[in-house]
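Read the structure below first, then the notes.
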Amino acid sequence: MGLTIAQKIIKSHLVSGEMVVGEEIALRIDQTLTQDATGTMAYLEFESIGIERVRTKLSVAYIDHNTLQSGFENADDHRYIQSVAKKYGIRFSRPGNGICHQVHLERFGVPGMTLIGSDSHTPTAGGIGMLAMGAGGLDVAVAMGGGEYYITMPKMYKVNLTGKLQPWVSAKDVSLEILRILSVKGGVGAIIEWGGEGIKTLSVPERATITNMGTELGATTSIFPSDEITKAFLEAQGRGDAYIPLESDPDAVYDRIIDINLSELKPLLACPHSPDNIRTAEELSHIKVDQVCIGSCTNSSLRDMLRVAAMLKGKKIDDSVSLSVSPGSKQVLSMLADCGALSDILAAGARVLECACGPCIGMGFSPNSAGVSLRTFNRNFEGRSGTKDGQVYLVSPEVAVASALTGYITDPRTLGDYEEIVLPEAFKIDDSAVLMPASPEEARDVEVLRGPNIKPFPETHKLENRIEANLTLKVGDNITTDHIMPAGAKILPYRSNIPYLSKFCFAVCDESFAERALEAKNSIIVGGTNYGQGSSREHAALVPLYLGVKAVVAKSFARIHAANLINAGILPLTFENPDDYDKLTQNTTLSLENLFEGMENGKITLKCGEMEIPLVCSYTKRQIDILRAGGLLAYTKGE
Ligand code: MIC
Ligand code: SF4
């Protein structure tokens, strides 16, 4: 039987397990990346594992999320990461050099290799045929130490593209269309391969926009073949040597095939507050727009920015709109400056922001009260923009600019003439903002620099056979990691200070949760379907651990978050009958009995007074050992 692209890469990196859907497999990891908001914790964990130098082919530490440095906290974190990188053999991408996924695609990604990153949009590198996955910081720390990365062998989906995108319709609309078809949980447990004749019309940055937003489907990752278009991109980046051709076998078998005709797509928007709440621009053209933000790891490539500049050239944005543009990398910004496109963007009235995540993670640029904000980003979860009642729509750069010009949601097809964007034959290469690590000899003398905001990892305890706990919080479906552990300018500086962060846990849904959890000492959280969708931030597990959460009982879980819970020693458990969710009430005492036996046979009983509710779990032997040890760190250290 033939293999899919992902199966080929998995096969060549398989350390243990069988490539059977649903089985746990262990993969050898070639490259890792971290960003600053998850990096400090990941490197603290790496240090505590006690390995002298990373054992990957390449590890890069990016600073891109929290670049405001509004107090000493961030500056200290950045200095810590820089010194750790130097000591342990990791390249350090300085603040301002760009968003991790954009820079990794440009400068480091290699077709056919494996990459894990402590950021959920790591699959962006699937745009050049890399098997790239988001993971918790601790998993990345273990991979840096040469350990395997464990995943459940995914199903294989294929999206067959035919036709060609029409003027004013772009790769972002393909991402939104697949979200419309599959929903935010439609990709859970699957890898999505993009193929068909239509992919020959898509450049690497367009492919990367599509693989980037595969994350919003809940997919393990998304991947394109590595072909002549990949080769041309790598050559233009001066990295032709990294190219290898990679495609699926003609007789590869897929669990599901979806057809999309590119020629038929229209400009789309994801409406508040979910990336799968899709409508056409045509339908929404009566909506007044207050703010437009262009950038993020989804839409900040040179191609996107040249489109933005071409659309803005010689025009002015509407007086009622505030427009921000954040190029994805120093390479993009510098090339925009060299060709004059930057001046066109500035002259039109845009505010040009640093090459960083910026507004996407709520680092400034929050919309006005109830303000309508159109963003070329990938997530529009409630409150993520920093304004609780902000109305965020996800759009393509084309819809973004058209709307900034008119002040209303605008279908860009009404604008008339369309200019093709041609990518340069050679990109401007300047890697001076990526600092090389010290040699192994020099590394011994490198001092790791810590600041007072860096607090120790929360205390863990070995699992006991019985848990009695208060049902401190009951939440609904599609709870995101932005609900569990919000980010944004006020909180992000405290990513290495779990006690401080804990005050904000679930604050979006219930401001008194943290206080109640501390009071209860032991808590259980009850959730609906797709609990923990969104970010890879392990803080959404470490903070509940600190607050005494022992188990989360839900109808279903998102992949990375379930892994993070196990890594933190918290039991993710699923209702056997989803309707039992309705039987549980907040602030009652629950107990979980005979856990050791139940974990082995996959059935655990939840007791609430006289009532018994059957729960299921499918932990592997390794996961049981991790949970019993009190989390992956204790397990890895053999405690
Ligand atoms: C996000 O887009 O939510 C983030 C911020 O990039 C996160 C990582 C984090 O929370 O630090 C992600 O996607 O994993
Ligand atoms: Fe940064 Fe936003 Fe991309 Fe997350 S989704 S990595 S915050 S740009």
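Please enumerate the residues belonging to the range 467-489 that are of a type outside the set (S, T, N, Q), in a loop (DSSP other than H, G, I, E, B), in contact with a Gly (Cβ under 8 Å, 6 or more places away or on another chain) and within 16 Å of ligand 1 (Cβ to nearest atom).
Of the residues in the range 467-489, the ones of a type outside the set (S, T, N, Q) are 467-469, 471, 473-477, 479, 482-489.
When the remaining residues are screened for being in a loop (DSSP other than H, G, I, E, B), the result is 475-477, 479, 485-489.
Restricting the remaining residues to those that are in contact with a Gly (Cβ under 8 Å, 6 or more places away or on another chain) gives 475-477, 479, 486-489.
Within the range 467-489, Ile479, Pro486, Ala487, Gly488, Ala489 qualify.
Just the residues that are in a loop (DSSP other than H, G, I, E, B), more than 23 Å from Val140 (Cβ to Cβ) and out of contact with any Lys or Arg (no Cβ under 9 Å at 6 or more places or on another chain), please, taken from the range 1-22.
Met1, Glu18, Val20, listed by residue number.
Is it the case, given these coordinates, that Leu312 is surrounded by 18 or more Cβ atoms within 10 Å (Cβ to Cβ) and touching a strand residue (DSSP E or B) at 6+ places or on another chain (Cβ under 7 Å)?
Against the criterion (surrounded by 18 or more Cβ atoms within 10 Å (Cβ to Cβ) and touching a strand residue (DSSP E or B) at 6+ places or on another chain (Cβ under 7 Å)), Leu312 does not qualify.
Only one residue in Val434, Val401, Val395, Val422 is open to solvent by less than 20 Å² (accessible area, probe 1.4 Å) and farther than 17 Å from Val372 by Cβ, so which one is that?
On the way: Val401 fails: farther than 17 Å from Val372 by Cβ; Val395 fails: farther than 17 Å from Val372 by Cβ; Val422 fails: open to solvent by less than 20 Å² (accessible area, probe 1.4 Å).
Sole residue among the options that is open to solvent by less than 20 Å² (accessible area, probe 1.4 Å) and farther than 17 Å from Val372 by Cβ: Val434.
If Asn478 satisfies all but one of (1) buried (at least 24 other Cβ atoms within 10 Å of the Cβ); (2) of a type outside the set (A, V, I, L, M); (3) on the phi > 0 side of the Ramachandran plot, what's the number of the condition it fails?
The single condition Asn478 does not satisfy is (1).
Could you check the range 491-549 for helices (runs of 4 or more DSSP H) lying wholly inside it with 1 or more residues that are within 16 Å of ligand 2 (Cβ to nearest atom), open to solvent by less than 10 Å² (accessible area, probe 1.4 Å) and of a type in the set (Phe, Trp, Tyr)?
Details: elements: 498-501, 513-520, 539-546.
Hits in the range 491-549: none.
Taking the conditions exactly as written (touching a His at 6+ places or on another chain (Cβ under 9 Å), closer than 18 Å to Ala125 by Cβ and either free of Cβ contacts under 8 Å to residues at least 60 places away in the same chain or within 16 Å of ligand 1 (Cβ to nearest atom) (or both)), does Gln35 satisfy them or not?
Considered against the rule, which asks whether it is touching a His at 6+ places or on another chain (Cβ under 9 Å), closer than 18 Å to Ala125 by Cβ and either free of Cβ contacts under 8 Å to residues at least 60 places away in the same chain or within 16 Å of ligand 1 (Cβ to nearest atom) (or both), Gln35 comes out as yes.
If you scan the range 515-540, which residues turn out to be touching a residue at least 40 places away in the same chain (Cβ under 8 Å), among the aliphatic types (A, V, I, L, M) and over 24 Å from Glu593 (Cβ atoms)?
If the condition is that a residue be touching a residue at least 40 places away in the same chain (Cβ under 8 Å), among the aliphatic types (A, V, I, L, M) and over 24 Å from Glu593 (Cβ atoms), then Ala540 is the only one that fits.
Somewhere in the range 310-327, is a residue under 28 Å from Gln237 (Cα atoms), of a type in the set (Ser, Thr, Tyr), within 14 Å of ligand 2 (Cβ to nearest atom) and in contact with a Leu (Cβ under 9 Å, 6 or more places away or on another chain)? So that I can check it myself, show each step before the final result.
So in the range 310-327, the residues under 28 Å from Gln237 (Cα atoms) come out as 310-313, 324-327.
Imposing the further condition that a residue be of a type in the set (Ser, Thr, Tyr) reduces the set to 324, 326.
Filter once more, keeping what is within 14 Å of ligand 2 (Cβ to nearest atom): 324, 326.
Add one more test, that the residue is in contact with a Leu (Cβ under 9 Å, 6 or more places away or on another chain), and what stays is 324, 326.
Within the range 310-327, one or more residues are under 28 Å from Gln237 (Cα atoms), of a type in the set (Ser, Thr, Tyr), within 14 Å of ligand 2 (Cβ to nearest atom) and in contact with a Leu (Cβ under 9 Å, 6 or more places away or on another chain).
Working only within the range 558-581, note down all residues that are within 16 Å of ligand 1 (Cβ to nearest atom) and either under 17 Å from the mean Cα position of the chain (by Cα) or open to solvent by less than 10 Å² (accessible area, probe 1.4 Å) (or both). It would help to see each step written out before you state the result.
Initially, the range 558-581 is screened for residues within 16 Å of ligand 1 (Cβ to nearest atom), giving 558-565, 567-568.
Ala558, Arg559, Ile560, His561, Ala562, Ala563, Asn564, Leu565, Ala568 - these are the residues of the range 558-581 that are within 16 Å of ligand 1 (Cβ to nearest atom) and either under 17 Å from the mean Cα position of the chain (by Cα) or open to solvent by less than 10 Å² (accessible area, probe 1.4 Å) (or both).
Conditions tested, residue by residue: (1) more than 19 Å from Ala356 (Cβ to Cβ); (2) touching a Lys or Arg at 6+ places or on another chain (Cβ under 9 Å); (3) more than 16 Å from ligand 2 (Cβ to nearest atom); (4) open to solvent by 10 Å² or more (accessible area, probe 1.4 Å).
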position: Gln102; (1), (2), (3), (4): no, no, no, yes
position: Leu115; (1), (2), (3), (4): yes, no, no, no
position: Thr122; (1), (2), (3), (4): no, no, no, no
position: Gly126; (1), (2), (3), (4): yes, yes, no, no
position: Gly137; (1), (2), (3), (4): yes, yes, no, no
position: Val140; (1), (2), (3), (4): yes, no, no, no
position: Gly147; (1), (2), (3), (4): yes, yes, yes, yes
position: Thr152; (1), (2), (3), (4): yes, yes, yes, yes
position: Val159; (1), (2), (3), (4): yes, no, yes, no
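Which one is surrounded by the most Cβ atoms within 10 Å (Cβ to Cβ), of the residues in the range 439-467 that are closer than 28 Å to Tyr635 by Cβ and of a type in the set (Asp, Glu)?
Taking the candidates together, the pick is Glu464.
Tell me whether the range 407-427 contains one or more residues that are part of a loop (DSSP other than H, G, I, E, B), within 21 Å of Thr480 (Cα to Cα) and in contact (Cβ under 8 Å) with a residue 40 or more places away in the chain. Write out each step before concluding.
The first filter runs over the range 407-427 and keeps only residues part of a loop (DSSP other than H, G, I, E, B), leaving 407, 409-411, 416-427.
Now drop any that are not within 21 Å of Thr480 (Cα to Cα), which leaves none.
Checked the range 407-427: no residue is part of a loop (DSSP other than H, G, I, E, B), within 21 Å of Thr480 (Cα to Cα) and in contact (Cβ under 8 Å) with a residue 40 or more places away in the chain.
Could you say whether any residue in the range 366-377 is among the hydrophobic types (A, V, I, L, M, F, W, C), modelled with pLDDT of 95 or more and under 30 Å from Gln237 (Cα atoms)?
Step one: of the range 366-377, the residues among the hydrophobic types (A, V, I, L, M, F, W, C) are 370, 372, 374, 377.
Adding the requirement that they be modelled with pLDDT of 95 or more leaves 370, 372, 374, 377.
Applying the additional criterion that residues be under 30 Å from Gln237 (Cα atoms) yields 377.
Yes.
Among the residues of the range 434-463, what is the count of those that are of a type in the set (Val, Ile, Thr), farther than 11 Å from Tyr88 by Cα and either free of Cβ contacts under 8 Å to residues at least 12 places away in the same chain or in a loop (DSSP other than H, G, I, E, B) (or both)?
Within the range 434-463, the subset of a type in the set (Val, Ile, Thr) is 434, 446, 448, 454, 460.
Subset that is farther than 11 Å from Tyr88 by Cα: 434, 454, 460.
Checking the rest, the ones that are also either free of Cβ contacts under 8 Å to residues at least 12 places away in the same chain or in a loop (DSSP other than H, G, I, E, B) (or both) come to 454, 460.
Residues in the range 434-463 being of a type in the set (Val, Ile, Thr), farther than 11 Å from Tyr88 by Cα and either free of Cβ contacts under 8 Å to residues at least 12 places away in the same chain or in a loop (DSSP other than H, G, I, E, B) (or both): 2 in total.
For the range 287-315, enumerate the residues that are in a loop (DSSP other than H, G, I, E, B) and either away from ligand 1 (no atom under 16 Å from the Cβ) or modelled with pLDDT under 95 (or both). Step through it out loud before you land on a result.
First, pick out the residues of the range 287-315 that are in a loop (DSSP other than H, G, I, E, B): 287, 289-290, 295-301, 313-315.
Scanning the range 287-315 gives Ile287, Val289, Asp290, Ser301, Lys313, Gly314, Lys315.
Quick one: Val372 ticks every box in (1) within 11 Å of Ile294 (Cβ to Cβ); (2) over 20 Å from the mean Cα position of the chain (by Cα) bar one, so which box is it?
(1)
Condition (residue is in contact (Cβ under 8 Å) with a residue 60 or more places away in the chain and more than 16 Å from ligand 2 (Cβ to nearest atom)) applied to the range 387-395: is it met by at least one residue?
Yes, the range 387-395 contains at least one residue that is in contact (Cβ under 8 Å) with a residue 60 or more places away in the chain and more than 16 Å from ligand 2 (Cβ to nearest atom).
Would you mention how many residues in the range 194-215 are open to solvent by less than 10 Å² (accessible area, probe 1.4 Å), touching a Lys or Arg at 6+ places or on another chain (Cβ under 8 Å) and not hydrophobic (A, V, I, L, M, F, W, C)?
Counting residues in the range 194-215 that are open to solvent by less than 10 Å² (accessible area, probe 1.4 Å), touching a Lys or Arg at 6+ places or on another chain (Cβ under 8 Å) and not hydrophobic (A, V, I, L, M, F, W, C) gives 3.
So in the range 342-360, with the set limited to residues that are open to solvent by 10 Å² or more (accessible area, probe 1.4 Å) and assigned to a helix (DSSP H, G or I), which one is nearest to Gly96 (Cα to Cα)?
So the residue we want is Gly358.
Quick one: how many residues across the range 614-635 are more than 17 Å from Asn594 (Cα to Cα), among the β-branched types (Val, Ile, Thr) and either open to solvent by 40 Å² or more (accessible area, probe 1.4 Å) or in contact with a strand residue (DSSP E or B) (Cβ under 8 Å, 6 or more places away or on another chain) (or both)?
The total comes to 1.
Filtering the range 171-192 down to residues that are outside any helix (DSSP H, G or I) and open to solvent by less than 10 Å² (accessible area, probe 1.4 Å), which residue is farthest from Glu419 (Cα to Cα)?
At the first step, the residues of the range 171-192 found to be outside any helix (DSSP H, G or I) are 183-192.
Add one more test, that the residue is open to solvent by less than 10 Å² (accessible area, probe 1.4 Å), and what stays is 184, 187, 190-192.
Numbers: Val184: 33, Gly187: 34, Ala190: 37, Ile191: 34, Ile192: 31 Å.
The selected residue is Ala190.
Looking at the structure I just gave you, is Asp389 among the acidic types (Asp, Glu) and either crowded, with 22+ Cβ neighbours inside 10 Å or part of a helix (DSSP H, G or I) (or both)?
So Asp389 fails the test.
Of all residues in the range 35-92, count the ones that are open to solvent by less than 10 Å² (accessible area, probe 1.4 Å), assigned to a loop (DSSP other than H, G, I, E, B) and not aliphatic (A, V, I, L, M).
Total meeting the criteria: 3.
The values are calculated or read from the model by the stated rules, or taken from the named source; none is laboratory data. Not measured: the values here are computed from a predicted model. With ideal geometry, Cβ positions are generated from the backbone for all residues, glycine too; neighbour counts draw on all protein chains shown. Calculation scope for accessible area: heavy atoms of the full protein, side chains included, ligands and nucleic acids excluded. Shrake-Rupley method; radii C 1.70, N 1.55, O 1.52, S 1.80 Å.
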